[in-house]
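So the structure is just underneath, and the comments pick up after that.
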Amino acid sequence: MLNSLLKSTQVSILEKALSAASLRHKVISNNIANVNTPKFKKSEVSFEDQLESAMNEKETPIARTHPRHLPIKSIGKDIDIEPTVKTINTTSFRSDDNNVDIDIEMASLAKNSIYYDAVAQQINKYFSNLKSSINGGRS
């Protein structure tokens with residue numbers, strides 16, 4: 001019973017999103033650290049697109065018992081994706097073949113920090129609600 005609560009699909013996806021955001025932070029930091037390194041090629045983390053396509057593949061329609069009910073889709077529990085790092089070799093902004101744009105990287109870092117905080121808040125909310133349910137609605 002406890003395993004089903006702690007390892008639900010929602011928690012699993014949120015954990016992977018948190019892991020992807022952490023990896024993205026490391027990759028962006030590496031890009032920033034190498035902004036002046038000749039021939040350095042930036043890297044990016046791919047996760048959200050993979051998650052969306054995996055969720056679309058795993059959706060199963062839930063039976064509607066009344067024509068006025070809204071259609072709902074259920075997400076399967078076997079979504080197994082991992083964040084991947086890819087190197088971008090197709091662009092070059094400078095004569096030394098480095099393709100890191102510091103402005104883009106700093107904006108990506110800020111965006112990723114907001115994303116990480118939002119995911120962490122969702123995990124916190126899930127476990128707070130679970131704790132509240134266990135305590136019978138008492139804090």
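Read-outs: derived from the displayed coordinates by stated rules, not from any lab. Worth saying up front: this structure is predicted, and the values here are computed from it rather than measured. Positions of Cβ are generated from backbone atoms using ideal geometry, with glycine treated the same way; all protein chains shown enter the neighbour counts.
Here are some pairs, Lys16/Lys41; Lys16/Lys42; Lys26/Lys131; Lys16/Lys86; Lys39/Lys111; Lys86/Lys111; which of them have Cα atoms lying more than 28 Å apart in this structure? Kindly include the intermediate steps, with their values, before the conclusion.
Working: Lys16/Lys41 26 Å; Lys16/Lys42 23 Å; Lys26/Lys131 32 Å; Lys16/Lys86 18 Å; Lys39/Lys111 26 Å; Lys86/Lys111 19 Å.
Violating the 28 Å Cα-Cα cut-off are Lys26/Lys131.
Using a simple spin-label model with pseudo-atoms 7 Å out from Cα toward Cβ, Ser92 and Asp49 lie 2.4 nm apart.
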